[in-house]
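A short reminder: the numbers here are calculations on the coordinates, not readings from a lab. Here the structure is a predicted model, which is why all the values come from computation and not from measurement. Using ideal geometry, Cβ is built from the backbone for each residue, glycine included, and neighbour counts are taken over all protein chains shown.
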Amino acid sequence: MKDFNRKMEEASARASKTVGEAAERLEKDSAELIQYLNDEVIPAVREHSSKALRVASAKLADLADYMEKHSPKK
């Protein structure tokens with residue numbers, strides 16, 4: 001019975017160590033991911049969103065001009 005308990009304690013210690021190492025790695029990786037998102041992704045999305053809105057605005061202005069020129073006269 002002592003041998004079984006010793007083996008269980010060893011297995012438990014190995015599992016705890018493995019889980020602890022995985023948790024540390026996960027914390028490090030998630031911090032790096034958040035930093036990447038803040039430094040790279042968010043600025044790029046903002047820049048491209050602004051450009052897309054400007055293009056859409058120009059196209060809508062062109063459409064409005066076209067509709068005014070080609071609308072039936074009353």
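Could you compute the net charge surrounding Arg46? Neighbours are other residues with a C-beta less than 15 Å from the C-beta of Arg46; K and R count +1, D and E count -1.
Net local charge, Arg46 excluded: -1.
Quick one: how many lysine pairs does the chain have with C-alpha atoms less than 20 Å apart and a gap of 8 or more or different chains? Give me the count, please. Walk me through the numbers on the way to the answer.
Values: Lys7/Lys17; Lys17/Lys28; Lys51/Lys59; Lys59/Lys69.
Summing the qualifying lysine pairs gives 4.
Run lengths n ≥ 4 of DSSP H only: what is the helix-derived mean residue ellipticity at 222 nm for the chain, with -39500 (n - 2.57) per run over all residues, to the nearest 500?
So the helix-based figure for the chain works out to -31000 deg cm²/dmol.
Using a Förster radius of 35 Å, what is the FRET efficiency between Ala15 and Gln35 based on their Cβ-Cβ separation? Nearest 0.05, please.
So, using R0 = 35 Å, E works out to roughly 0.70.
Could you list log10 I(q)/I(0) for the stretch 31-74 at q = 0.26, 0.30, 0.31 Å⁻¹, which the Debye formula gives when each Cα is one point scatterer?
Listed by q, the Debye log ratios stand at -0.84, -0.93, -0.95.
Note the listed values [x] 21.0, 64; [y] 30.5, 101; [z] 13.0, 44, then indicate which one is Rg and Dmax of the Cα atoms in Å calculated from this particular structure.
[y]
Could you compute the FRET efficiency for Ser49 and Leu26, with r as their C-beta to C-beta distance and R0 at 30 Å, rounded to 0.05? Each step should come with its number before you reach the end.
Values: r = 31 Å, r/R0 = 1.03.
Using R0 = 30 Å, I get an efficiency of 0.45.
Hey, what angle do you get for helix 2-36 against the long axis of the chain, alpha-carbon based, 0 to 90 degrees rounded to 10?
That works out to roughly 20 degrees.
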